[in-house]
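K.L.:
Quick one: this structure, given as structure tokens, is what I'll be asking you about.
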Amino acid sequence: MTEFDPRIIAFCCNWCSYVGADLAGTSRLQYPHNVRIIRTMCSGQVFPSYILKALELGADGVMIAGCHIGDCHYVSGNKKAEERFRMLLGIMKTLGLDARRIRLEWISASEGVKFANTIKEFAREIKELGPRNGGKE
Amino acid sequence: MKEYASFLGCIIPNRYPGIEASSTRILGHFDVELVQINGASCCPAPGVFSSFHLDSWLAIAARNIALGEMTGKDIITMCNGCYGSLTEASFLLKGNKELKEKINGILSKVGCEFKGTSKIKHVIEVFSEDIGVKKIQEAMNTSLEGVRACTHYGCHFLKPAEMKKHGSSERPRLLDEIVEASGARSVDYKDKTMCCGFGGGVRARNLDVTLDFTREKLNNIISARGDCIVDQCASCHLEFDRGQVEIKKIFGQEFRVPVLYFTQLIGMGLGMGQHELGLDFHSIPAKPLLDKLNGGRR
Amino acid sequence: MTNIGIYICHCGTNIAGMIDVEELARKAAKLKDVSVVKDYRYLCSDPGQDLIKEDIRSMDLDRVVVAACSPRMHESTYRKVLSEAGINPFLLEIANIREQASWVHSEKEKTTEKAFDLVRIAVAKVKKDEPLESLPADVIQRVLVIGAGIAGIQTSLDIANIGYEVVLVEKEQSIGGRMSQLGKTFPTLDCSACILTPRMVEVSTNPKIRLHTYSEVEEISGFIGNFHAKIRKKSRGLNPDLCTGCGECTARCPTKVPGEYDEGMGKRKAIYTLFPQAVPNVPVIDRANCVYITKGKCGICKKVCPAGAIDYELGDEIVEEEVGAVVVASGFDPFDPTSKEELGYGRYKNVITGLQLERLLHTAGPTKGEVIRPSDGAVPKRIAFVQCVGSRDEHANKYCSRVCCMHAIKNALLIKEHHPDAEIFIYYIDIRAFGKGYEEFYKRTQEHGIKFMRGRVAEIFEENNGNVVVRADDTLLGMVMENEVDMAVLSVGMVPRSDSAKIQKLLGIATGSDGFFMEAHAKLRPVETLVDGVFLAGTAQGPKDIPDTVAQAKGAASSALGVISHKVLELSPLISEVDERLCRGCGDCKDICEYGAIELITLDSRNAARINPALCKGCGACTVACCNGSIKLRNFTDTATFAMLEAVLGGEA
């Protein structure tokens, strides 16, 4: 019985969280390998359908990371991301999905430590949630 | 009417029941009732226990909190040490899920569980928040004018400042405001925020070091022409009261500064007497102070 | 059918040490449409780049994936490689297998697996990428410099002397900044005014510098090469063109208030200039304290002005400027030590800050260079300096403010030279004397008998006669010591200016965790920000001394020139575009666009959205707002994202 190794997709915005992830790298901070980062220009560019598609294709967890509110490179893209995320949380149950599998996080370009810790925490949580009973969830 | 579960610790029931008596009576005057916590033990002494064995400290403290939670009320303490021990244990357990599970595992053996449902407050917070300085002022019926009170905050109530959040830990105001509300004058003195010397097990291990601290504070209070010390901690209270006797014995220096717990001072302002306030249990007589006031009874 | 080339970089052992590059290459070669997979030690090197170029030409590759360090490092390098090899530079994707894989994980097998996933993602995306052409945009060949301290001044002069116009905006009524407040500078004991004022005069007389003093930038819009700024020139209460700088108004003004320029150590009039060599040498009426403006009485300045320049009713003026690049040189504020309650600043009169002492020592300052203590005007003979106030502090700022050690040492020496019988103590944790001549200066100061006490000051309290007692841990003696002195000087650190948030919002630049403006890369891009066309100079970017400030200012000038010296710039084509056939003209995209880049146009008989490519910043917000998917963000489309997700989750190529 192989141990559950979750697959997590993280959409990171080009200006803040992606840079924060890079900073975690240059600082050699270690975090679980489970995450695959997809770069977007802005967290506000992440369609809710991306998140659902990822889950549909078998991702165990999906994270969207953007700039702190007030710091969005495109002024309010992250606010839009927040609204959409909230809406999505609301319908997760109806879709038969566990809302704890998606997460919205604000990580700035200088928060390498926060990036690493967030991945550690999220990976641990998803691991605890266990695999998605292929079809049941 | 507000109700709180009262955690007494060790020093108050064993040495200074006047602190409990005066606090209970005066809180009652302001419509705050205290209920007992059955089976509580020593808090345990924060500096000592947490430096020896973290889990033992946490388990004993968590048990006390759990017993308090069983009353369904928020918990108050009258001793800074107990306040420090319970709030810091609660903070640690609430912030760390694994630690909480571990400690609750230990507590399950005695049929207890720490849930974190009761707030933990120092009794002085009840006076400043629930009752308020204005009500205290209005309730005073005996003039304390002319009483020069030197306040002593102690350590565990104010610090660590980020956790305790009672305003500035360098220039605190809480106890001074309550003292002034009672009609006495809070007099500044050198090194007001200095420790009394009791804590961290020093009193048990190196009494002369402890008394050196106490003596310095007393000297500063004398220099400032203070009439009494007004404290908010049972441990500091013991230190200043018994300490003066010990200082005379060991250093040969005599002090006769009355030591009052702040509710005992408020009690004086409410016209309560020596016996009601439990001042009989003090080594240093407070009678001189009472005599000074008796003339001013309204 | 497409021919993709995949290039895996070892980056020495940075990648190859944690990722099995051969295994990765083997796996990658099996992906569909991949014609060649090669690995190389240092792909960004010339031979590495040549390798890719050669393959593109000889194997007819049409798309390239590079698996190496973060795209933020070399995306532009590899794009150029593609251009030079003859294919569209936007048909490139980079898999970040260093910063986001080899550097952050420790199990070789799992990391190699992850690297393969990242390559799969990149391959899926590159297949969906479309060839794009950069948009040419005309460049406005002028630079806006915000802040006219020594940094702003230096940047402006460097740019102007090459022949380009500079718009220099200064918030205060005179240029010169913090350096003008200084007396003598370390380590040479150069008189600050003597080296600064010639530069100030140069600025005022340079025909290429358009100086707006007592002004603030209110709004900036646009993009690199094309910024549009709205500047508010605040009213001085007088007409600067008529003013001759005779100073009669200041001399006759009856109102005195504490002076901000003197850090509260002296008084100034309600109509005043900052210092004698102010540029421009035109005063300002302090509207809050002017008796005429507040109470309708006095009016003496107007009566005595020989040039008739006073005009109380004069309003602010709004000026609009167009520039191609912006340099932020807005400076710093000193840390306010009131919050360090244990040190007694604001409670005890004889506890002052380093900058306040600086003003006392200044020969043109409020006491004409004589250091006297605030409580009774006596000359202090025993002085304690407290280092690291507000710096290196978990409860204040964690960083070191860099200049305070040298500043205190310099001032201690100056006082000692003036009063050889003075006893001066400097309480320090570490002495930072890092620059040229600094260590030698430190030694000289020690030889003059200034006592260096190693230990953090715990508390300062007052004795009855105004003297203060410094209680500190003397770590070398291993004891707690109390030292009664006449006056204590707190060496406060540098903090970001209180209005830096305003500038941040104006330009959309980032601040670091310390609050100072963030450079694009800590080591290699010290004067750029992440916003193209906006640069940083001086203490606005972080604490530094004058030599470093000037060096950085010159760097910023050079970078700004790099932008505006071109007549035309290529703008990134990674913007949104509307498929006008599908667009319903609902206008939701227009409402959501922060940059006003979308407008509704009439096409035949219906409305459709049209994006202005010069204004679109490529954020993609409109694409999500669009109800029927008629707007796409080029190369960041839905199909691309779905393809990437399928590649990594579905296990398909």
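The values are calculated or read from the model by the stated rules, or taken from the named source; none is laboratory data. Just so it is clear, the model here is predicted, and its values are computed rather than measured. Because the Cβ atoms are built from the backbone with ideal geometry, glycine has one as well, and the counts that use them run over all protein chains shown. With ligands, DNA and RNA removed, areas are computed over all heavy atoms of the protein, side chains included. Shrake-Rupley method; radii C 1.70, N 1.55, O 1.52, S 1.80 Å.
K.L.:
Looking at (1) within 28 Å of C:His395 (Cβ to Cβ); (2) away from chain C (no Cβ under 14 Å), which one does B:Asn206 not meet, given that it meets all the others?
P.N.:
In the conditions (1) within 28 Å of C:His395 (Cβ to Cβ); (2) away from chain C (no Cβ under 14 Å), B:Asn206 misses (1) alone.
K.L.:
Counting only residues that are open to solvent by 10 Å² or more (accessible area, probe 1.4 Å), out of contact with any strand residue (DSSP E or B) (no Cβ under 6 Å at 6 or more places or on another chain) and in contact (Cβ under 8 Å) with a residue 24 or more places away in the chain, how many does segment A:48-69 have?
P.N.:
Going through segment A:48-69 one residue at a time, the tally reaches 5.
K.L.:
Additional query: Grab the strands (runs of 3 or more DSSP E) fully contained in segment B:1-106, keeping just those with 2 or more residues being open to solvent by 70 Å² or more (accessible area, probe 1.4 Å) and without any contact (Cβ under 8 Å) to a residue 60 or more places away in the chain.
P.N.:
It comes to B:32-36.
K.L.:
Please go through segment C:173-195 and give me each residue that is assigned to a helix (DSSP H, G or I) and touching a residue at least 24 places away in the same chain (Cβ under 8 Å), ordered by number. Walk me through it before giving the result.
P.N.:
Going residue by residue through segment C:173-195, those that are assigned to a helix (DSSP H, G or I) are C:177-181, C:192-195.
C:Gly177, C:Arg178, C:Met179, C:Ser180, C:Gln181, C:Ala193, listed by residue number.
K.L.:
Which of the residues belonging to segment C:211-233 are crowded, with 18+ Cβ neighbours inside 10 Å and part of a strand (DSSP E or B)?
P.N.:
As a first pass, look at segment C:211-233 and keep what is crowded, with 18+ Cβ neighbours inside 10 Å: C:211-217, C:220, C:222-227, C:229, C:231.
Listed by number, the residues that qualify are C:Leu211, C:His212, C:Ser215, C:Glu216, C:Val217, C:Ile220, C:Gly222, C:Phe223, C:Asn226, C:Phe227, C:Ala229, C:Ile231.
K.L.:
Checking C:Glu440 against (1) within 30 Å of C:Asp190 (Cα to Cα); (2) free of Cβ contacts under 8 Å to residues at least 60 places away in the same chain; (3) open to solvent by 70 Å² or more (accessible area, probe 1.4 Å): exactly one of these is not met. Which one?
P.N.:
Single failed check for C:Glu440: (2).
K.L.:
Next question, about the same structure. Among the residues of segment A:84-101, is there at least one that is out of contact with any helix residue (DSSP H, G or I) (no Cβ under 6 Å at 6 or more places or on another chain), open to solvent by less than 10 Å² (accessible area, probe 1.4 Å) and not in a loop (DSSP other than H, G, I, E, B)?
P.N.:
yes
K.L.:
Quick one: is C:Val65 assigned to a strand (DSSP E or B) and more than 40 Å from the chain's Cα centre (by Cα)? Give the steps one after another, and end with the answer.
P.N.:
Details: assigned to a strand (DSSP E or B): yes; more than 40 Å from the chain's Cα centre (by Cα): no.
So C:Val65 does not fit the description; no.
K.L.:
Does segment B:107-144 hold any residues that are in a loop (DSSP other than H, G, I, E, B) and in contact (Cβ under 8 Å) with a residue 60 or more places away in the chain, and which are they?
P.N.:
Just the residues of segment B:107-144 that are in a loop (DSSP other than H, G, I, E, B), to begin with: B:109-119, B:132, B:140-141, B:143-144.
Within segment B:107-144, B:Ser118, B:Met140, B:Asn141, B:Ser143, B:Leu144 qualify.
K.L.:
Here's a follow-up. Scan segment A:104-113 residue by residue and report those that are charged (D, E, K, R) and open to solvent by 40 Å² or more (accessible area, probe 1.4 Å).
P.N.:
Kept after step one, since they are charged (D, E, K, R), are these residues of segment A:104-113: A:105, A:111.
Listed by number, the list holds a single entry, A:Glu111.
K.L.:
May I ask you to list pairs of residues, at least six apart or on different chains, whose Cβ atoms are under 9 Å apart, with the first in segment C:381-399 being modelled with pLDDT under 95 and the second being open to solvent by 40 Å² or more (accessible area, probe 1.4 Å) and in a strand (DSSP E or B)?
P.N.:
Sorted first by the residue in segment C:381-399, then by its partner, the list stays empty.
K.L.:
Against the conditions (1) on the phi > 0 side of the Ramachandran plot; (2) in contact with a His (Cβ under 8 Å, 6 or more places away or on another chain), where does B:Gly111 fall short? Just the number, please.
P.N.:
Failing condition for B:Gly111: (2).
K.L.:
Hey, among B:Gly226, B:Gly271, B:Gly199, which residue is open to solvent by less than 30 Å² (accessible area, probe 1.4 Å), farther than 21 Å from B:Leu27 by Cβ and outside any helix (DSSP H, G or I)?
P.N.:
Values: B:Gly271 fails: farther than 21 Å from B:Leu27 by Cβ; B:Gly199 fails: open to solvent by less than 30 Å² (accessible area, probe 1.4 Å).
Exactly one residue qualifies, and that residue is B:Gly226.
K.L.:
Another one. Could you list, in sequence order, the residues of segment C:74-129 that are within 31 Å of the chain's Cα centre (by Cα), without any contact (Cβ under 8 Å) to a residue 60 or more places away in the chain, more than 9 Å from every other protein chain (Cβ to nearest Cβ) and open to solvent by less than 20 Å² (accessible area, probe 1.4 Å)?
P.N.:
Passing the criteria: C:Tyr78, C:Ala95.
K.L.:
Just for segment C:598-630: of the residues that are open to solvent by less than 10 Å² (accessible area, probe 1.4 Å) and within 11 Å of chain A (Cβ to nearest Cβ), which one is nearest to the chain's Cα centre (by Cα)?
P.N.:
Ranking the qualifying residues of segment C:598-630, first place goes to C:Gly618.
Conditions (1) outside any helix (DSSP H, G or I); (2) more than 18 Å from C:Ala621 (Cβ to Cβ); (3) more than 7 Å from every other protein chain (Cβ to nearest Cβ); (4) in contact with a helix residue (DSSP H, G or I) (Cβ under 8 Å, 6 or more places away or on another chain), marked per residue:
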| position | (1), (2), (3), (4) |
| --- | --- |
| A:Ala10 | yes, yes, yes, yes |
| A:Ala21 | no, yes, no, yes |
| A:Pro32 | yes, yes, yes, yes |
| A:Ile37 | yes, yes, no, yes |
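K.L.:
Tell me which residues, restricted to segment C:631-653, are among the small types (Gly, Ala, Ser) and either facing chain A (nearest Cβ under 7 Å) or crowded, with 16+ Cβ neighbours inside 10 Å (or both). Full working, then the answer.
P.N.:
Our first condition is that a residue be among the small types (Gly, Ala, Ser); within segment C:631-653, this holds for C:640, C:643, C:647, C:650-651, C:653.
Hits for segment C:631-653 are C:Ala640, C:Ala643, C:Ala647, C:Gly650.
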